[in-house]
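The values are calculated or read from the model by the stated rules, or taken from the named source; none is laboratory data. Just so we're clear, the structure is a prediction, and the values are computed from it rather than from any experiment. With ideal geometry, Cβ positions are generated from the backbone for all residues, glycine too; neighbour counts draw on all protein chains shown. All accessible areas refer to the heavy atoms of the entire protein, side chains included, with ligands and DNA or RNA removed. Shrake-Rupley method; radii C 1.70, N 1.55, O 1.52, S 1.80 Å.
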Amino acid sequence: EGEGEVIAGGDGGDGGPGATVNDDGGITVDSETFNKLVGAVGASPRLAFGLDLQPPGSPRNSSLDLGGFAAQYRARLLWSERSPYATPRNFQFPLYDMRMCGASLFGSTTAQWPVLIDTGAVCLTLPAEFFDAVMAWAPSRCVDAVSQGGLDTERRCYVDKAVAMDGLPVLSFAMRGEFDGDTPQQLLLPLNELLLPVDDADDAGDADAEWYYCVMRGPEVEAAMRQFAPSLANIAFGTTVLRALYAGFDFERQRVGLATKMEVLEAWPEARRATQCAAPAVCVGGQRFDSARNVCLPPPCGDYWLQTVDAETQQCVVSPSWQVFGVMSMVVFAGATLAMNGRATRMSRAVLQERSRRRTPVGPPPPLLLQGPTAWMEAAQ
């Protein structure tokens, strides 16, 4: 077809054509016409399609299966929960139990997080907390670089030349949560599938690295929640991610299905999925191991009264400032006790002396004359 020529009739809602050829050879199709094309294919028309993207240099071409899904993946698709929207315009679904190197990347943040399939993006985008967890376990060297506009900071993580490229860790995740002890099947996403070559103009990592991870650091989950906009921190699957997965989109049942491609399963058996994982952090004393970020957290001494962390033993001890305060308090208390005891002693002696004084006769006793008993008694009286 010629450039800009209409190849499918229809009204895209604004009076324009349904599908046109773009300047770069691609085809732009409005949603109404696309739905008609999808539903009109096959003996049993179905509003669904499958997407099989292939990497550059692959012997097979990328394909779009209209009206159904590729036969080799049809029975292997793992389906998401149903979307609450009758005709979802964004292919979004909750993702569960994202793991790498045996650790849950969600940690204690959440049990699931929304994912957006975005064929207009290239890389995998993760919220900041999940991005940091991935790079904590993967062999990486991250550099913060300011964007050309100078407004944003992009964190790019490189794979140094000394790292063996055939054994990078593998991300795994599930399309649904565990229910009644039924552990859902995991999908695989090897980090090797997310590597891009370092550009000659990239002066941050070209000296020690030839590849960098096509993984973008998105907004923080907590920041998005504070703004009551969790969608700002969505996980996004770009085209690099979709090259490792077959994707099925079922509009009738309002769900998305994914399957790990055959070649990925063959190239990444169980024994190869954690050969390049970072060593777990070694915790001492009262430290707690955070498996998501592969770090040791200090003991929660601040939760206890008068407690602080000892830097050498990493145990909770009495705060030095409180020790000084305690010694001073004891000295003051002891001094006050002694003073009060001395005062009480002096008061007791004064009382005793006063009582003794009142009981002692005043003046010399009367003379006793030996003048017989009667006289003696009269003198005594």
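Using mean Cβ contacts within 10 Å as the protection proxy, how do 308-317, 91-100 order, highest first?
91-100, 308-317
Give me the percent of the accessible area of the range 166-315 that comes from carbon and sulfur atoms, probe 1.4 Å, all protein chains in place.
Summing carbon and sulfur atoms, their accessible area is 51 percent of the total for the range 166-315.
Using +1 at the Cβ of each Lys and Arg and -1 at the Cβ of each Asp and Glu in the range 204-362, identify which of Ser319, Pro299, Thr345 lies farthest towards the dipole's positive end.
The one lying farthest along the dipole's positive direction is Thr345.
What full-extension length gain, to one decimal in nm, is calculated for Leu338 and Glu220 as 0.36 nm per residue of separation minus the Cα-Cα distance?
36.5 nm
For the range 232-279, with every protein chain kept in place, what is the accessible area per residue (1.4 Å probe, Å²)?
Ligands and nucleic acids excluded, the figure is 37 Å² per residue.
Would you mind putting 54-62, 168-176, 154-162 in packing order, based on average other-beta-carbon counts within 10 Å, highest first?
168-176, 154-162, 54-62
What is the spin-label model distance, in nm, from Arg74 to Ala279 if the labels are put 7 Å beyond Cα along the C-beta direction?
Using points 7 Å along Cα→Cβ, the separation is 5.2 nm.
Which order do peptides 266-277, 292-303 fall in by mean Cβ count within 10 Å, highest first?
My ranking of the peptides, most packed first, is 292-303, 266-277.
Amide H of Arg255 versus every other amide H placed in the peptide plane: which residues, excluding those fewer than 5 positions away on the same chain, fall under 5 Å?
Ser83, Asp250
Can you list residues whose amide H is under 5 Å from Cys214's amide H, if they're 5+ apart or on another chain and H is modeled 1.01 Å from N?
Amide H to amide H, under 5 Å and 5 or more residues apart or across chains, Cys214 pairs with Leu195, Leu196.
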